[in-house]
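Q: Take this structure first; my questions come after.
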Amino acid sequence: MTIDHTSAANGDDTIYKTIEVAVIDRRELIPPPVFPFPVVGDELNLIPPLNFAMVDNGIFRSGFPDSPNFSFLQTLGLRSIICLCPEPYTEATTEFLKDGGIRLYQFGIESYKEPFVNIPQDTIREALQVVLDVKNHPILIHCKRGKHRTGCLVGCLRKLQQWCLTSIFDEYQRFAAAKARVSDQRRDFLALL
């Protein structure tokens, strides 16, 4: 940048700034990366698990994650995963957790036709304690499809967040979709917590 000092016609001293601009040939520029995460081949390999969503800051929900989801899950920087299924993880998923330093909390809740029946209250309370401990965040909560057991735990979290029951049930049904199960037992279950 250069500064030119000239006198105006009326005798006032005025400073004018002259800015030198460089000409850049855009054909020589290398475009910045589109996304700063791992790339497989020429395409991004970021596939979220079934029914993935953000519940709150540092809290996510989904269906059972599998190897196609690992690159996506890496972008979340997970510290912990809550698995609400009794089934064991595959060797590949266990290795992914180990490599990423992700702690697994498994609360093996059996699947039932009615989502709020036969869910052990003590188990839900223990899982809620894990979710509420920010040392475990970012955290992923999942069951097989990310619908009923996950919806139950997220519903209990929403109750603690003082959501109205109508909003809690609306969110539950949004993820349960066509299999949404309506019953008075939902209210009874949430009222017990």
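The values are calculated or read from the model by the stated rules, or taken from the named source; none is laboratory data. If you're wondering where the values come from, they're calculated on a predicted model, not measured in any experiment. So basically every Cβ, Gly included, is an ideal-geometry build from the backbone, and we count neighbours across all protein chains shown.
Q: Can you spot a residue in segment 162-174 that is aromatic (Phe, Trp, Tyr), modelled with pLDDT of 90 or more and part of a loop (DSSP other than H, G, I, E, B)?
A: yes
Q: For the list (1) in contact with a Cys (Cβ under 9 Å, 6 or more places away or on another chain); (2) outside any helix (DSSP H, G or I); (3) under 24 Å from Gln173 (Cα atoms), I need the number of the one condition that Arg145 fails.
A: (1)
Q: For segment 57-64, does any single residue satisfy the condition of being touching a Phe, Trp or Tyr at 6+ places or on another chain (Cβ under 8 Å), part of a helix (DSSP H, G or I), in contact (Cβ under 8 Å) with a residue 12 or more places away in the chain and of a type outside the set (A, V, I, L, M)?
A: Looking through segment 57-64, none of the residues is touching a Phe, Trp or Tyr at 6+ places or on another chain (Cβ under 8 Å), part of a helix (DSSP H, G or I), in contact (Cβ under 8 Å) with a residue 12 or more places away in the chain and of a type outside the set (A, V, I, L, M).
Q: While we're on this one: May I ask you to list pairs of residues, at least six apart or on different chains, whose Cβ atoms are under 7 Å apart, with the first in segment 98-110 being over 12 Å from Pro138 (Cα atoms) and the second being small (Gly, Ala, Ser) and not in a loop (DSSP other than H, G, I, E, B)?
A: Tyr105/Ser80; Phe107/Ala127
Q: Which residues, taken from segment 65-90, are touching a residue at least 60 places away in the same chain (Cβ under 8 Å) and within 11 Å of the chain's Cα centre (by Cα)?
A: Hits for segment 65-90 are Leu73, Leu76, Gly77, Leu78.
Q: Residue by residue through segment 67-88, note down the ones that are modelled with pLDDT of 90 or more and either farther than 20 Å from Val154 by Cβ or assigned to a helix (DSSP H, G or I) (or both).
A: Listed by number, the residues that qualify are Ser67, Pro68, Asn69, Phe70, Ser71, Phe72, Leu73, Gln74, Thr75, Leu76, Gly77.
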